[in-house]
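Let me begin by presenting the structure, written as structure tokens, before commenting on it.
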Amino acid sequence: MEKSVKHYWSILQQWRVIEDNPHPDDYIVVMAPGWDGETLIDHSLHKSELSAQDRARYLMDKYEAKKIKIYYPDGRSKTLR
């Protein structure tokens, strides 16, 4: 496999936390692994769900958001408070 293909594959397998201010939606967005394509919004990559949730909780406190929403590539979502 070429290096760029390996890099792309490794990004697909990571959790993404959207770093932008969530207002007016009032929730932090976390994207589970498997999303295809580039996320143009400022985000951080995490190797585990726990790491992504820790970052999302930090942002929730920073921006005084009410919840965290985790989106999965199959269309499901989960809300954490």
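The values are calculated or read from the model by the stated rules, or taken from the named source; none is laboratory data. Keep in mind the model is a prediction, meaning the values are calculated, not measured. In this analysis, Cβ positions are derived from the backbone assuming ideal geometry, glycine residues included, and neighbour counts consider all displayed protein chains. Just the protein is used for accessible areas: all its heavy atoms, side chains included, with ligands, DNA and RNA removed. Shrake-Rupley method; radii C 1.70, N 1.55, O 1.52, S 1.80 Å.
Once ligands and nucleic acids are excluded and a 1.4 Å probe is used, how much of ASP61 is accessible, expressed in Å² to the nearest 10?
For ASP61, solvent-accessible area is about 120 Å².
Would you check the accessible area of LEU45, probe 1.4 Å, heavy atoms only, in square angstrom rounded to 10?
The accessible area of LEU45 comes to roughly 70 Å².
Quick check: net charge around PRO24, other residues with Cβ under 13 Å of its Cβ, Lys/Arg +1 and Asp/Glu -1?
With Lys, Arg at +1 and Asp, Glu at -1, the neighbours total -3.
Need one value: the accessible area of HIS23 in square angstrom, 1.4 angstrom probe, rounded to the nearest 10.
90
Leaving ligands and nucleic acids out of the surface, order LYS78, LYS66 by accessible area at 1.4 Å, largest first.
Working: LYS78 80, LYS66 140 Å².
Heavy-atom accessible area, descending, gives LYS66, LYS78.
Quick check: residue separation of ASN21 and ARG57 times 0.36 nm, minus the Cα distance between them. What number comes out in nm?
11.6 nm
What value in Å³ per residue do you get for the convex hull of the alpha-carbon atoms in the range 11-81?
Numbers: hull volume 5.7 nm³, N = 71.
It comes to 80 Å³ per residue, whole-number rounded.
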